[in-house]
Amino acid sequence: MQFDRKITISAGSSRRAMVWQAQTLLISELWAKLQTPARGTEPLAEYLNMKKAQQDDLKDVGGFMAGTLSGPRRKANNVTGRDVITLDLDNIPPGGTEDVLRRVEGLSCGYCIYSTRKHSPAAPRLRVLLPLDRTASADEYEPIARKMAEYIGLELCDPTTFEVSRLMYWPSCCSDSQYIYVWKDKPLLSVKGLLGQYEDWRDCTLWPQVPGSQNLPTKLAVKQGDPEAKNGVVGAFCRTYDIYRAMDELIPGMYEPVESMPGRYTYLGGSTTGGAVIYDSGKFLYSHHATDPCSGKLVNAFDLVRLHRFGDKDDEAQPGTPTNRLPSYRAMCELATQDPDVSALMSQERYQEAVKDFEGVEATNDAEPANWMDRLEINSQTGLPKATIDNVWIILENDPLLKGKFALNQFAGRGEVLDALPWNASTKRRLWDDNDNNGLYWYMEKVHHITGNGKIDGALSLHTTQHAFNEVQDYLQSLKWDGVPRLDTLFIDYLGAEDSPYTRAVTRKAFTAAVTRAMVPGSKYDNMLILAGPQGIGKSTLLDKMSRGWFNDGIRTFEGKEASELLQGVWLVEIGELDAFRKTDVACIKQFLSLRSDRFRAAYGRHVKELPRCCVFFGTTNTSDYLRDRTGNRRFWPVDVGLAPAAKSVWTDLPGEIDQLWAEAMVRWQTGEPLFLKGEIEAAAKEAQEAHREVNTREGIILDFLERPVPEDWQNWPLDRRRMFWGGAVQGDVKLVPRDRVCALEVWCEALDGKQRDMRYSDTAEINSIIEASALWERAKGSLRFGYCGKQRGFQKVRL
C-alpha cells in the first residue's frame with residue numbers, strides 16, 4: 001500500500017472483555033484482518049429468527065476499538081486517541097449497497113468496507129473504516145466522524161456510531177450470507193482539514209446530526225421514566241436534587257453553562273463546548289462530550305453524580321453487570337443516604353405513606369418525622385432503616401403512634417399498654433401480651449421495614465425499662481402525714497380488736513412492712529397477720545380498700561408457679577378463710593412466706609430472672625384454731641376482731657383516712673420501725689399463737705404419758721408386762737423414777753395401745769412433733785436403746 005502507516009487498535013476477545021490490549025500494526029494489516037469472516041453454521045434466515053441475545057453471542061467473535069486506551073477497560077474517558085474513523089451504517093435502504101460503495105469511493109480517501117452478520121442485499125448493513133493521517137484526540141474524534149458521515153449520508157448511520165469508544169466486531173457471517181469486503185489505497189484523511197471545516201469544531205451545536213437523533217434523549221427519557229417518581233434511594237435523591245443543584249453542590253467545577261444557549265453546559269474536562277444538554281426542566285442530562293463520564297448517556301441527577309464521583313469503581317466489574325449491582329451504585333447509595341436532605345425526605349415520605357392506614361390511632365405529638373427519623377441508620381442500598389436494636393429503640397422513643405404507649409410496670413414486673421396502639425385501638429390500660437408482641441413485629445415491618453423479632457424484643461426491653469414506672473412508690477412518696485396517730489389502732493377502730501400493746505405493735509409493723517417492700521422490694525419480712533372473727537364485719541373489705549387496688553384474695557395454694565404468679569402487681573395479699581393453710585404442708589407455707597423474690601420470665605424477656613417481692617400477706621378466718629404447726633408459728637400474728645363494737649366504719653370512714661394511714665406507715669419506715677417482735681410483745685405473740693393452735697386429740701394423752709413415772713428397771717420390761725403395769729395389774733413393791741427417755745414406738749404401743757405392725761410414718765411424725773413441741777423434752781443426739789423397741793431415734797428429758 002502506498003498510503004500506509006502504523007496505527008494502534010485496542011482488541012478484546014469479546015464485548016464483555018475486561019482487558020483490551022493495544023496492538024500496533026499497519027493499516028494494511030488491519031485491512032487484511034477484515035478480509036475473511038468467521039462463518040457460522042446457521043443460515044441467515046435462522047439467525048434472523050433468533051432472539052437478540054443469541055444473535056449478539058454469535059456475532060461476538062471478538063472486536064476492536066480503533067484507537068488507544070489509558071487503561072485496560074474500554075470506556076469513553078479512557079480513550080486517548082483514535083487512528084481510524086469507524087461508522088456503522090445500519091439504515092441503508094434495500095438494495096442500497098452499491099450506492100454506499102459509490103458514495104465512499106467518491107470521497108477520494110482511503111477506506112475499507114465490510115458487511116455485518118445481518119447483512120443481506122434486501123437489508124444491507126455495512127461498516128466503513130476511514131484511516132486518519134494522525135491520531136485524533138478523543139475530543140476531536142466525534143466532530144470529524146460526524147463530518148465524514150455527513151458526506152456519506154447521516155441518514156444511513158446508527159445514531160450512536162460516533163461514540164469515541166465504539167466497538168467494531170471482527171467480521172463474521174452466516175453459512176449462506178453474502179460477505180462484502182472492499183478497500184482502496186487512497187490518501188489518508190486529514191484531521192486538521194476536517195476540523196477546519198467547522199467554524200468552531202469544539203462547539204457541539206455545530207456538529208451534524210443523524211436525522212431524528214435529536215429525539216433520542218426524549219425517547220430515552222420516556223423509556224427510563226420520571227426519575228422523581230422512582231422508589232427508594234434513587235427517587236428520593238432525584239426529588240431532592242435536580243441536575244442543576246447536583247452540578248452546583250455535589251460535582252462543582254465539572255460543568256459550566258453556555259451563556260448564549262440556556263440548557264446547555266460544557267464539560268470542563270474536555271476540549272469541546274456545549275455538549276451537555278439539560279432535558280425536562282433539569283430531570284435529565286445528555287452529554288455529547290467524548291471524555292465526559294456521562295458521554296452518550298441520558299442520566300438523571302443520581303447517575304450524573306454516580307458516574308462522576310464513583311465511576312472509576314466499576315473498572316473491575318464484569319461487563320453487563322446490572323447498574324444496581326455496580327460498586328459505583330453502592331457508593332452512590334451510601335452518599336445519598338448520608339445526605340441530610342435526602343435522608344430526611346425519605347424518612348418523611350416513608351412514614352407519611354405508612355401511617356395512612358392508622359388514621360384512627362391518636363398520635364402522642366405533632367413532631368415532624370425528620371426531627372427523629374434522620375437519626376436512624378440507613379441501609380445505603382435500599383434506603384431503608386437497618387434492622388438494628390438502636391434503630392428500633394429510636395423508633396419506639398419517637399414514633400408518634402408508639403411513643404408513650406407502653407412501659408414496664410416495675411411494681412408488677414411486667415409490661416403494660418397505656419393507650420391505643422396501631423394494632424389495638426382500645427385506650428383501656430391493660431397488660432402487654434403475646435398479641436402485642438406480634439402487633440409490634442407487624443408494625444415495624446409494615447411501617448419501618450424492619451424485621452427480626454430478636455432485635456425488636458431487645459429494643460423493646462431497653463425502651464420499656466427506660467420508661468419504667470412504680471405507681472405504689474409514686475403514691476407513697478406523694479403523701480404527707482398530718483401527725484395524727486391512726487395506724488396502730490386501725491384494727492381496734494374499724495374491726496373491734498382488743499386494744500393491747502400487742503395488737504397495736506403487729507398492726508403497725510404489718511403495714512410498715514408493706515411500705516418497706518414497696519420502697520425496697522425483696523426486703524426481709526416473713527410474717528403474716530391473721531384476722532380472726534365473725535363474718536360480715538369487714539375484714540376483707542378493709543384489706544381491699546387499704547390496698548388501693550393492688551390486692552389479691554385468690555391464692556388457694558402455696559405450692560407451684562401459680563402462687564408466685566398471683567403476686568405480680570399485688571401489694572396486699574389476703575389468704576381468705578385460710579383455705580391455702582388447710583391444703584398445704586406446713587413446711588411449704590413457711591418456705592413460701594420466707595421467700596424474698598419469685599422466679600419469672602421477665603417482661604419482654606427470654607430469660608428467667610428473680611423478681612423481688614413487693615407484697616405482704618394477711619390472713620382472714622372465722623375460726624379460732626387455725627395454726628397447725630406446734631413449733632413454727634412465730635411467723636403468724638393472730639389478731640382477734642369483733643370483740644367489741646367498731647368505733648369507725650370500714651365502708652364510710654376508712655376511705656377518708658387511707659392516705660393518712662399510709663402516710664403514717666411511710667414515716668414509720670423512714671424512721672426505722674423494726675419489722676420483728678421482741679420482749680413482752682414477742683411473748684404476747686407466742687400466747688396468741690398458742691391460743692389459736694389446732695390441738696390434736698392425742699396430744700393430751702401423749703403429754704400425760706410422758707409425765708408419768710416408770711419402774712427403775714423399765715428398759716428391761718417387755719411390752720406385755722409394761723401394758724400390765726399401765727393397767728395396774730403389776731403386784732409387789734416397784735420403785736418408780738421419772739422417765740428420762742422415750743421414743744415414738746413406745747408411745748404408740750403403750751400410750752395409744754397400737755400394734756407395732758400397724759404404725760405408719762405419719763403416726764411416727766405426729767407423735768414426734770407433739771413431743772418436740774414440749775419444752776420438757778429434746779431430741780437425742782444419736783440413737784438410744786429403748787428396751788423391746790431396740791435402738792431408736794428418740795427424745796431425752798431436758799435437765800433443768
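The values are calculated or read from the model by the stated rules, or taken from the named source; none is laboratory data. The model shown is predicted, which means the values in this text are computed figures rather than measured ones. Reconstructed Cβ throughout: ideal geometry from the backbone, glycine too, with neighbour counts over all protein chains shown.
Restrict the check to the stretch 31-48 and report whether at least one residue is surrounded by 15 or more Cβ atoms within 10 Å (Cβ to Cβ), modelled with pLDDT of 95 or more, charged (D, E, K, R) and in a loop (DSSP other than H, G, I, E, B).
yes
Inside the stretch 171-189, can you point out the residues that are in contact with a Phe, Trp or Tyr (Cβ under 7 Å, 6 or more places away or on another chain) and either of a type outside the set (Phe, Trp, Tyr) or assigned to a loop (DSSP other than H, G, I, E, B) (or both)?
The initial filter retains those residues of the stretch 171-189 that are in contact with a Phe, Trp or Tyr (Cβ under 7 Å, 6 or more places away or on another chain), namely 171, 173-174, 180-181, 183-188.
Residues satisfying the conditions are Pro171, Cys173, Cys174, Ile180, Lys184, Asp185, Lys186, Pro187, Leu188.
For residues that are farther than 18 Å from Val520 by Cα and within 50 Å of the chain's Cα centre (by Cα), tally how many sit in the stretch 464-486.
Within the stretch 464-486, residues that are farther than 18 Å from Val520 by Cα and within 50 Å of the chain's Cα centre (by Cα) number 5.
Looking only at residues in the stretch 484-529 that are of a type in the set (D, E, K, R) and in a loop (DSSP other than H, G, I, E, B), which one is farthest from Val639 (Cα to Cα)? Break it down into steps so the answer makes sense when it comes.
Filtering the stretch 484-529 for residues of a type in the set (D, E, K, R) gives 486, 488, 493, 498-499, 504, 508-509, 517, 524, 526.
Still in the running and in a loop (DSSP other than H, G, I, E, B): 486, 488, 498-499, 524, 526.
On the way: Arg486: 17, Asp488: 13, Glu498: 8, Asp499: 10, Lys524: 22, Asp526: 17 Å.
Top of the filtered list is Lys524.
Tell me, please, whether a residue that is of a type in the set (A, V, I, L, M), more than 24 Å from Ser624 (Cα to Cα) and out of contact with any Cys (no Cβ under 6 Å at 6 or more places or on another chain) can be found in the stretch 523-545.
Narrowing the stretch 523-545 to residues of a type in the set (A, V, I, L, M): 528-532, 537, 542-543.
With the extra rule that they be more than 24 Å from Ser624 (Cα to Cα), the set shrinks to none.
Within the stretch 523-545, none of the residues are of a type in the set (A, V, I, L, M), more than 24 Å from Ser624 (Cα to Cα) and out of contact with any Cys (no Cβ under 6 Å at 6 or more places or on another chain).
Have a look at Ser190, Ser172 and point out the one that is assigned by TED's automatic domain parsing to the domain that holds Asn49, surrounded by 14 or more Cβ atoms within 10 Å (Cβ to Cβ), touching a helix residue (DSSP H, G or I) at 6+ places or on another chain (Cβ under 6 Å) and not hydrophobic (A, V, I, L, M, F, W, C).
On the way: Ser190 fails: touching a helix residue (DSSP H, G or I) at 6+ places or on another chain (Cβ under 6 Å).
The match here is Ser172.
Which condition number does Gly311 fail, the rest of (1) closer than 15 Å to Thr323 by Cβ; (2) crowded, with 21+ Cβ neighbours inside 10 Å; (3) of a type outside the set (D, E, K, R) being met?
The failed condition is (2).
The conditions are (1) modelled with pLDDT under 95; (2) in contact with a strand residue (DSSP E or B) (Cβ under 9 Å, 6 or more places away or on another chain), and Gly454 fails exactly one of them. Which is it?
(2)
Every residue, every condition in (1) under 37 Å from the mean Cα position of the chain (by Cα); (2) farther than 27 Å from Gln214 by Cα; (3) touching a residue at least 24 places away in the same chain (Cβ under 8 Å), yes or no:
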position: Asp280; (1), (2), (3): no, no, yes
position: Asn300; (1), (2), (3): yes, no, yes
position: Leu304; (1), (2), (3): yes, no, yes
position: Thr323; (1), (2), (3): yes, no, no
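Which condition breaks for Gly95 when tested against (1) crowded, with 16+ Cβ neighbours inside 10 Å; (2) on the phi > 0 side of the Ramachandran plot; (3) not aliphatic (A, V, I, L, M)?
(1)
What about Gln715, is it within 30 Å of Tyr502 (Cβ to Cβ) and in contact with a Lys or Arg (Cβ under 9 Å, 6 or more places away or on another chain)?
Working: within 30 Å of Tyr502 (Cβ to Cβ): no; in contact with a Lys or Arg (Cβ under 9 Å, 6 or more places away or on another chain): yes.
Against the criterion (within 30 Å of Tyr502 (Cβ to Cβ) and in contact with a Lys or Arg (Cβ under 9 Å, 6 or more places away or on another chain)), Gln715 does not qualify.
Condition first: modelled with pLDDT under 95 and within 19 Å of Ala688 (Cβ to Cβ). Now tell me which residues in the stretch 533-547 satisfy that. If you could, list the steps in order and put the result at the bottom.
Within the stretch 533-547, the first condition is being modelled with pLDDT under 95, and the residues that meet it are 533-536.
Answer for the stretch 533-547, where residues must be modelled with pLDDT under 95 and within 19 Å of Ala688 (Cβ to Cβ): Gly533, Pro534.
Checking the structure you have, find out if any residue of the stretch 79-96 is part of a loop (DSSP other than H, G, I, E, B) and within 53 Å of the chain's Cα centre (by Cα).
Start the filter on the stretch 79-96 by keeping residues that are part of a loop (DSSP other than H, G, I, E, B), which leaves 90-96.
Filter again for within 53 Å of the chain's Cα centre (by Cα), leaving none.
The answer is no; no qualifying residue exists.
Every residue in the stretch 722-756 that is among the acidic types (Asp, Glu), under 16 Å from Arg785 (Cα atoms) and in a helix (DSSP H, G or I), please. Talk me through it step by step, then tell me what you get.
Step one: of the stretch 722-756, the residues among the acidic types (Asp, Glu) are 733, 740, 746, 750, 753.
Pick out the ones that are also under 16 Å from Arg785 (Cα atoms) and you get 740, 746.
Passing the criteria: only Glu746.
Within the stretch 147-169, how many residues are within 59 Å of the chain's Cα centre (by Cα) and either outside the structural domain of Leu58 (by TED's automatic domain parsing) or not polar (S, T, N, Q) (or both)? Break it down into steps so the answer makes sense when it comes.
Initial filter on the stretch 147-169 (within 59 Å of the chain's Cα centre (by Cα)): 157-169.
Going one step further and asking which of them are either outside the structural domain of Leu58 (by TED's automatic domain parsing) or not polar (S, T, N, Q) (or both), we end up with 157-159, 162-164, 166-169.
Qualifying residue count for the region: 10.
Going by what's in this entry, would Ser762 be described as under 60 Å from the mean Cα position of the chain (by Cα) and either more than 24 Å from Ala587 (Cβ to Cβ) or in contact (Cβ under 8 Å) with a residue 12 or more places away in the chain (or both)? Don't jump to the end; show me each part of the working.
Details: under 60 Å from the mean Cα position of the chain (by Cα): yes; either more than 24 Å from Ala587 (Cβ to Cβ) or in contact (Cβ under 8 Å) with a residue 12 or more places away in the chain (or both): no.
Spelling it out, it is not the case that Ser762 is under 60 Å from the mean Cα position of the chain (by Cα) and either more than 24 Å from Ala587 (Cβ to Cβ) or in contact (Cβ under 8 Å) with a residue 12 or more places away in the chain (or both).
Could you look through the stretch 497-539, keep only residues that are hydroxyl-bearing (Ser, Thr, Tyr) and over 51 Å from the mean Cα position of the chain (by Cα), and pick out the one that is nearest to Ile658 (Cα to Cα)?
Step one: list which residues in the stretch 497-539 are hydroxyl-bearing (Ser, Thr, Tyr), which gives 500, 502-503, 507, 512, 516, 523, 525.
Remaining after also requiring over 51 Å from the mean Cα position of the chain (by Cα): 500, 502-503.
Details: Ser500: 22, Tyr502: 22, Thr503: 19 Å.
In this case the residue turns out to be Thr503.
Kindly indicate whether Met65 is in contact with a helix residue (DSSP H, G or I) (Cβ under 9 Å, 6 or more places away or on another chain) and surrounded by 13 or more Cβ atoms within 10 Å (Cβ to Cβ).
Numbers: in contact with a helix residue (DSSP H, G or I) (Cβ under 9 Å, 6 or more places away or on another chain): no; surrounded by 13 or more Cβ atoms within 10 Å (Cβ to Cβ): yes.
Considered against the rule, which asks whether it is in contact with a helix residue (DSSP H, G or I) (Cβ under 9 Å, 6 or more places away or on another chain) and surrounded by 13 or more Cβ atoms within 10 Å (Cβ to Cβ), Met65 comes out as no.
Please work out if Gln214 is surrounded by fewer than 17 Cβ atoms within 10 Å (Cβ to Cβ) and either in contact with a Phe, Trp or Tyr (Cβ under 6 Å, 6 or more places away or on another chain) or part of a loop (DSSP other than H, G, I, E, B) (or both).
Taking the combined requirement at face value, the residue does not satisfy it.
Checking the condition among the small types (Gly, Ala, Ser), touching a residue at least 12 places away in the same chain (Cβ under 8 Å) and farther than 13 Å from Asn696 by Cβ, which residue from Ala773, Ala780 passes? Outline the logic, then answer.
Details: Ala773 fails: farther than 13 Å from Asn696 by Cβ.
After applying the criteria, what remains is Ala780.
Out of all the residues in the stretch 219-232, is one or more in contact with a Leu (Cβ under 8 Å, 6 or more places away or on another chain) and either within 23 Å of Tyr267 (Cα to Cα) or of a type in the set (Lys, Arg) (or both)?
The answer is yes, given that some residue of the stretch 219-232 is in contact with a Leu (Cβ under 8 Å, 6 or more places away or on another chain) and either within 23 Å of Tyr267 (Cα to Cα) or of a type in the set (Lys, Arg) (or both).
Mind telling me which of the residues Thr464, Thr503, Thr489 ends up being hydroxyl-bearing (Ser, Thr, Tyr) and under 30 Å from Met373 (Cβ atoms)?
Values: Thr503 fails: under 30 Å from Met373 (Cβ atoms); Thr489 fails: under 30 Å from Met373 (Cβ atoms).
Result of the check over Thr464, Thr503, Thr489: Thr464.
Report, by residue number, each residue of the stretch 644-680 that is more than 49 Å from the chain's Cα centre (by Cα), closer than 17 Å to Thr503 by Cβ and among the small types (Gly, Ala, Ser).
Once the filter is applied, which keeps residues that are more than 49 Å from the chain's Cα centre (by Cα), closer than 17 Å to Thr503 by Cβ and among the small types (Gly, Ala, Ser), the stretch 644-680 yields Ala644, Ala646, Ala647, Gly679.
Among the candidates Lys192, Lys219, single out the residue that is in a helix (DSSP H, G or I), of a type in the set (D, E, K, R) and modelled with pLDDT of 95 or more. Talk me through it step by step, then tell me what you get.
Numbers: Lys219 fails: modelled with pLDDT of 95 or more.
Just a single option satisfies the conditions, and that option is Lys192.
Given the criterion over 23 Å from Cys294 (Cβ atoms), in contact with a Cys (Cβ under 9 Å, 6 or more places away or on another chain) and buried (at least 23 other Cβ atoms within 10 Å of the Cβ), identify the matching residue among Pro143, Pro124, Pro131.
Details: Pro143 fails: over 23 Å from Cys294 (Cβ atoms); Pro124 fails: in contact with a Cys (Cβ under 9 Å, 6 or more places away or on another chain).
Matching residue, one of Pro143, Pro124, Pro131: Pro131.
Quick check, is Tyr244 assigned to a helix (DSSP H, G or I), of a type in the set (Ser, Thr, Tyr) and either in contact with a helix residue (DSSP H, G or I) (Cβ under 9 Å, 6 or more places away or on another chain) or assigned by TED's automatic domain parsing to the domain that holds Tyr286 (or both)?
Judged against the criteria, Tyr244 is a match.
Tally up the residues in the stretch 49-62 that are surrounded by 20 or more Cβ atoms within 10 Å (Cβ to Cβ) and at pLDDT below 95, please. Show your work before the answer.
Filtering the stretch 49-62 for residues surrounded by 20 or more Cβ atoms within 10 Å (Cβ to Cβ) gives 59.
Then drop every residue that is not at pLDDT below 95, which leaves none.
Of the residues in that region, 0 qualify.
For a quick check of your reading: which helices (runs of 4 or more DSSP H) sit entirely within the stretch 613-709 and have at least 1 residues that are out of contact with any Phe, Trp or Tyr (no Cβ under 8 Å at 6 or more places or on another chain), modelled with pLDDT under 95 and not β-branched (Val, Ile, Thr)? Give the derivation first.
Working: elements: 658-670, 679-691, 699-707.
Output list reads 679-691, 699-707.
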